[in-house]
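J.: Attaching a single structure in structure tokens format; questions to follow.
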Amino acid sequence: MTLLQRKRLLIKASPWILLVTLALLWELVCFAFSVPTYLFPAPTDIWASWLEYQGPIMKHATHTLFTTVAGFAIAVIFGVILGVLVGSSPLIYKAVYPLMVGFNSIPKVAFVPVLVVWFGIGTVPAILTAFLISFFPVVVNMATGLATMEPELQDVLRSLGASRLDILRKVALPRSMPYFFASLKVAITLAFVGSVISETVASNVGIGYLMISASSTMDMGLVFAGLVVIAIMGVVMYEMFAFVERRMTGWATRGSDPAF
Amino acid sequence: MDLVEFENVSMRYGEEGPMAIENISLSVRENEFVAVVGPSGCGKSTLMKLVTGLAPPSDGYVYLGGKQVSGPQQGVGMAFQASNLLPWRTTLDNILLPMEIVQDYRHRFRAEKATFQEQGRALLARVGLAGCEDKFPWELSGGMQQRASICRALIHRPSLLMLDEPFGALDAFTREELWCMVRDLWQEEPFTVVLVTHDLREAVFLADTVYVMSKGPGRILVRKPVDLPRPRDLAVTYTDEFAELVFELRDHIGRIREETA
């Protein structure tokens with residue numbers, strides 16, 4: 001194996017190495033200071049809980065995944081439409097931005113009770129919370145991508161007789177794709193935050209509900225198992241978008257690794 | 001016949017802003033190669049915006065093809081100092097972009113794509129970019145990108161080609177190569193060109209007529225016809241006749257500097 005190949009292998013394996021190292025450290029700390037399981041479970045305790053409650057965890061996890069993806073999908077559709085409007089019209093930009101920043105500053109957990117009053121507990125408020133918390137980055141990034149188009153490029157197109165729609169379709173939208181994918185990666189993780197928050201406050205299904213009920217019986221192993229499952233789902237979704245991004249906007253990183 | 005005509009055109013940005021250009025009258029014949037030179041900030045780019053209808057004049061009239069310019073014109077070719085190629089398109093797709101937009105071609109684009117691609121390849125071959133059709137812009141050198149940018153401005157056979165310091169960012173050797181490229185393109189199939197530049201040698205080498213502009217507000221100081229015989233070889237730039245022309249123009253620009261200082 002050449003030095004270069006070894007380096008590449010190390011880079012590929014590095015997230016797993018870090019993960020295993022941290023887990024071992026965690027286990028070691030819990031063991032060395034004999035931390036009680038009901039305060040801070042060791043990885044082995046979490047694993048034991050997972051084996052014991054595999055069925056219920058998976059049931060709640062699929063539900064959380066569904067609400068998250070549903071809320072995220074609405075956020076993407078809504079975010080792209082609003083982002084295009086905001087990015088292509090200075091008037092809408094000026095009008096909408098302060099309102100949107102204000103709205104985004106509201107802690108969404110404070111808004112869940114309102115949603116519960118309107119829609120009852122369960123799936124609908126979870127989807128809506130996921131949507132509310134994750135649409136903002138999509139709007140901002142789409143708007144930035146569109147608004148930062150080179151004025152000279154616009155001159156070239158307009159002097160060819162291009163309409164606003166032409167400019168949007170042929171140049172502005174493809175050009176803002178890297179911004180769009182960057183926002184998806186942020187938005188999907190936020191969507192998980194939103195749906196789980198809503199489930200912990202007002203639901204009888206989902207990982208959030210599972211964790212709240214487990215912590216009320218001091219079953220910390222199960223709580224942490226829930227946390228780990230959410231984290232894994234988040235990473236998997238993130239990687240999916242990263243993969244699509246590499247396929248679709250390879251031109252932005254010019255086919256090389258996205259780093260300095 | 002005059003393709004472009006300016007009648008006492010003035011232009012200021014904003015209501016109270018300073019004059020960008022003042023009382024400009026000039027005309028460009030069909031298939032004439034005109035160069036506009038002047039110190040930076042003399043309103044050369046404003047001139048381009050006026051011709052293409054991207055900005056309306058504050059005063060006076062601009063005519064293109066006998067009609068008064070109001071609103072963006074159809075199918076004027078433009079190239080700038082930055083190539084502005086689209087990084088997600090191959091070189092060939094980049095230069096075919098006007099065919100997807102210009103009124104006369106866009107409806108036929110899908111049906112006759114193969115024909116258009118053939119035209120694109122032929123044009124790329126003429127500027128020495130054969131074999132680069134499927135490369136992406138970032139895989140090309142600065143000079144090659146600029147060649148592609150000029151191809152994009154020419155592919156739809158525009159009635160008017162506007163070049164805004166297209167060779168400004170290139171090194172001296174590449175710049176001379178591109179002068180010859182533009183000369184050959186123009187010589188083979190003449191078209192109307194307005195070249196904005198601050199390089200006097202470039203202006204004299206390429207143009208039929210050179211206009212010298214003053215600075216703040218931009219006015220036309222001199223109109224100088226260049227009657228060097230065509231086709232011009234690069235060697236012409238080392239003749240006394242050429243040097244005299246450049247020197248004469250340089251003298252005018254020198255005087256502008258003194259007056260404003």
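Taken together, the values in this text are just the output of simple stated rules run on the coordinates, not laboratory data. What you are looking at is a predicted structure, and each value in this text was computed from that prediction instead of being measured. Cβ placement follows ideal geometry from the backbone for every residue including glycine, while neighbour counts extend to all protein chains displayed.
J.: As a footprinting exposure proxy, order B:TYR238, B:TYR63, B:TYR105 by other Cβ within 10 Å, with the fewest listed first.
T.: Listed from fewest to most nearby Cβ atoms, that is B:TYR238, B:TYR63, B:TYR105.
J.: What's the center-to-center distance, using Cα atoms, between the stretch B:126-157 and the stretch A:5-49 in Å?
T.: 54
J.: Now a separate question. With n ≥ 4 as the cut-off for DSSP H runs, can you work out [θ] at 222 nm for chain B, using -39500 (n - 2.57) per run divided by the number of residues, rounded to the nearest 500? Don't jump to the answer; show the numbers that get you there.
T.: Values: 9 runs with 94 residues, N = 261.
After summing the helix terms and dividing by the residues of chain B, the value is -10500 deg cm²/dmol.
J.: Hey, in the GNM for chain B with a 10 angstrom Cα cutoff, which one of B:THR52, B:THR115, B:THR237 fluctuates hardest?
T.: Looking only at B:THR52, B:THR115, B:THR237, the largest GNM fluctuation is found for B:THR115.
J.: A further question follows. In peptide B:85-93, how many Cβ atoms from other protein chains are near each Cβ within 10 Å, on average?
T.: Average per residue, whole number: 3.
J.: For each pair in A:LYS170/B:LYS113; B:LYS67/B:LYS113; A:LYS170/B:LYS44, compute the distance between the two Cα atoms and list the pairs where it is over 27 Å.
T.: Violating the 27 Å limit, Cα to Cα: B:LYS67/B:LYS113; A:LYS170/B:LYS44.
J.: Which residue, A:PHE135, A:PHE119, A:PHE66, has the most motion in a Gaussian network model of chain A that connects Cα atoms within less than 10 Å?
T.: Of the options given, A:PHE119 has the highest mean-square fluctuation.
J.: Can you tell me which aspartates and glutamates have their Cα less than 18 Å from the Cα of A:LYS108? Leave out same-chain residues fewer than eight positions away.
T.: A:LYS108 reaches A:GLU199.
J.: Now for a separate question. What residues qualify as long-range amide H neighbours of B:ARG29, i.e. H under 5 Å apart, gap of 5 or more or another chain, H built at 1.01 Å from N?
T.: B:LEU3
J.: Take the Cα of A:PHE33, step 7 Å along the line toward its Cβ, and report every residue of the stretch A:207-229 whose backbone nitrogen sits under 19 Å from that point.
T.: Under cut-off, by backbone N: A:220-221, A:224.
J.: Add -39500 (n - 2.57) for each DSSP H run of 4 or more in chain A, then divide by its residues: what number comes out at 222 nm, to the nearest 500 deg cm²/dmol?
T.: -27000 deg cm²/dmol
J.: Within 10 Å of each Cβ of A:144-157, how many other protein chain Cβ atoms are there on average?
T.: That average works out to 4.
J.: For A:SER159, A:SER89, which order do you get if you count the other beta carbons within 10 Å of each Cβ and list the fewest first?
T.: Values: A:SER159 26, A:SER89 16.
In order of increasing Cβ crowding within 10 Å: A:SER89, A:SER159.
J.: Next question, about the same structure. Which of A:LEU4, B:LEU249 comes first, and how do the rest follow, when ranked by fewest Cβ neighbours within 10 Å?
T.: Ranked by crowding around the Cβ, least crowded first: A:LEU4, B:LEU249.
J.: If I build a Gaussian network model for chain A, linking alpha-carbon pairs within less than 10 angstrom, which residue out of A:LEU91, A:LEU160, A:LEU128 has the largest mean-square fluctuation?
T.: Residue with maximal mean-square fluctuation among A:LEU91, A:LEU160, A:LEU128: A:LEU160.
J.: Taking Cα atoms, how many degrees apart are the long axis of helix B:142-154 and the longest axis of chain B, rounded to 10 and kept between 0 and 90?
T.: Rounded to the nearest ten degrees, it is 90.
J.: Could I ask something else about it? Using the beta-carbon distance between A:LEU51 and A:ILE11 and R0 = 41 Å, what value does 1/(1 + (r/R0)^6) give for FRET efficiency, to the nearest 0.05? Display every interim value, and only then the final one.
T.: Working: r = 33 Å, r/R0 = 0.80.
Computed FRET efficiency for A:LEU51 and A:ILE11: 0.80.
J.: Between B:TRP138 and B:ALA114, what length in nm is gained on full extension when 0.36 nm per residue of separation is reduced by their alpha carbon distance?
T.: 6.1 nm
J.: Calculate the spin-label point distance for A:TYR238 paired with A:ASN104, positioning each point 7 Å from the Cα along the beta-carbon direction, and give it in nanometres.
T.: Between A:ASN104 and A:TYR238, the label points sit 1.9 nm apart.
J.: Counting Lys and Arg as +1 and Asp and Glu as -1, each charge on the Cβ, what is the dipole of chain A about the Cα centre in debye, to the nearest 20? Write out the running numbers ahead of the final one.
T.: On the way: 16 positive and 12 negative charges, 175 e Å.
Its charge dipole is roughly 840 debye.
J.: Can you compute 3J(HN,Hα) from phi for each residue in the stretch B:186-192, using the Karplus curve 6.51 cos²θ - 1.76 cosθ + 1.60 with θ = phi - 60°, rounded to whole Hz and x for Gly and Pro?
T.: Listing the rounded values in order: 5, 5, 5, 9, x, 9, 8 Hz.
J.: Quick one: putting +1 on the C-beta of Lys and Arg, -1 on the C-beta of Asp and Glu, what dipole do you get for the stretch B:85-157 around its Cα centre, in Debye to the nearest 20?
T.: Using only the charged Cβ atoms, the result is roughly 140 debye.
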